[in-house]
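Novice: Pasting in a structure now, in structure tokens, and then I'll have a few things to ask.
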Amino acid sequence: MAGGKHRNDFYGKTIPEEDATPAIPAATVVLLKDNDEGPEVLMLHRTSKVHFGGMWVFPGGRIDPEDHPKDGDINVAARNAAARETMEEANITLQPEEFVWFAHWTPPAIRQVRYATWFFATSIEEHEAISVDGHEIQDHAWIKPATALQRHANGEIDLVAPTWVTLHNLSLYDNSADILAKLHANPHRVYETHLATTSDGVSVAMWAGDAGYADTNPEAQGARHRLLMPEDGFIFENTVIDY
């Protein structure tokens, strides 16, 4: 494993900002459909003019005031935001009450602008017409999770860590129904990222269950739940979570 910084290591540094602002609530939804070779996900290619410019992402964005129901339920607001953003970015109408909530990601306080993001999943009919907005999104693709990971490894597409980990876990399944059943059966996963650098200079993101998580010590021996980000490609290590 080579050291150095991966081109998609957008965490950058590992020391939190003392005056970092709270993370902005956001939501995204993984759209799934099947073909003869297995499940595919909808990926959107962001333009260079917006946050996470150039990244391939799932549809989504920040939670706006109009997304909140009268009772203030933030989970409902997150569902509404994911559905609204999908319509704005890809012209797809979704039913947010049908979403499966499977994860919540919070990045470390190392940037002034960061997003605490609800991750949902749902299936979609193949005949849905997709048209991107041309402002935030410049292209789209239905792609097998394993293919997306291989294209990332080849340097053909760019992915942030939460997207990469999600694709990795989706790639373990043979069809959309199995994915959704597993996500529904599991409790939603909470990823509050701790960052560190290994002794050989590799950036590592760690999550609950990893032996080094509590003390942010990447050299701690024991259980693994982490993403290594060496220059030559991401590596996911997990011995604690049933994905």
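Novice: Specify the residue that is modelled with the highest pLDDT; the eligible residues are those in segment 20-35 that are of a type outside the set (A, V, I, L, M) and closer than 20 Å to residue 130 by Cβ.
Specialist: The extreme case among them is 28.
Novice: Moving on to the next point. Go through 40, 17 for me and flag whichever is assigned to a strand (DSSP E or B), acidic (Asp, Glu) and either under 21 Å from residue 193 (Cβ atoms) or at pLDDT 95 or above (or both).
Specialist: Every option except 40 fails the conditions.
Novice: Here's another thing I want to ask about it. Among all residue pairs at least 6 apart or on different chains, which show Cβ distances below 8 Å where the first residue, located in segment 179-205, is closer than 18 Å to residue 235 by Cα and the second is aromatic (Phe, Trp, Tyr) and modelled with pLDDT of 95 or more?
Specialist: Qualifying pairs under 8 Å: 191/105; 191/207; 193/105; 193/207; 194/207; 194/213.
Novice: On to the next question. Given the structure, is residue 27 buried (at least 17 other Cβ atoms within 10 Å of the Cβ) and either over 18 Å from the mean Cα position of the chain (by Cα) or not in a strand (DSSP E or B) (or both)?
Specialist: no
Novice: Further question: Residues of segment 137-179 being surrounded by 20 or more Cβ atoms within 10 Å (Cβ to Cβ) and of a type in the set (Ser, Thr, Tyr), which ones?
Specialist: 163, 166, 176
Novice: Residues being buried (at least 21 other Cβ atoms within 10 Å of the Cβ), touching a residue at least 24 places away in the same chain (Cβ under 8 Å) and closer than 30 Å to residue 75 by Cβ: count how many of those fall in segment 213-237.
Specialist: The number of residues fulfilling the criteria is 1.
Novice: Restricting attention to segment 186-243, which residues are part of a loop (DSSP other than H, G, I, E, B) and under 16 Å from the mean Cα position of the chain (by Cα)?
Specialist: Matches in segment 186-243: 188, 193, 207, 229, 234, 243.
Novice: Here's a check for you: in segment 85-135, which residue that is hydroxyl-bearing (Ser, Thr, Tyr) and surrounded by fewer than 13 Cβ atoms within 10 Å (Cβ to Cβ) is nearest to residue 189 (Cα to Cα)?
Specialist: Only one residue tops the list, namely 93.
Novice: I would also like to ask the following. For residue 82, work out the one condition from (1) of a type in the set (Gly, Ala, Ser); (2) in contact with a strand residue (DSSP E or B) (Cβ under 8 Å, 6 or more places away or on another chain); (3) over 22 Å from residue 185 (Cα atoms) it doesn't fulfil.
Specialist: (3)
Novice: Where residues in segment 180-212 are surrounded by fewer than 21 Cβ atoms within 10 Å (Cβ to Cβ) and farther than 24 Å from residue 30 by Cβ, which of them is modelled with the highest pLDDT?
Specialist: Top of the filtered list is 211.
The values are calculated or read from the model by the stated rules, or taken from the named source; none is laboratory data. The structure displayed is predicted, hence computed values, not measured ones. In this analysis, Cβ positions are derived from the backbone assuming ideal geometry, glycine residues included, and neighbour counts consider all displayed protein chains.
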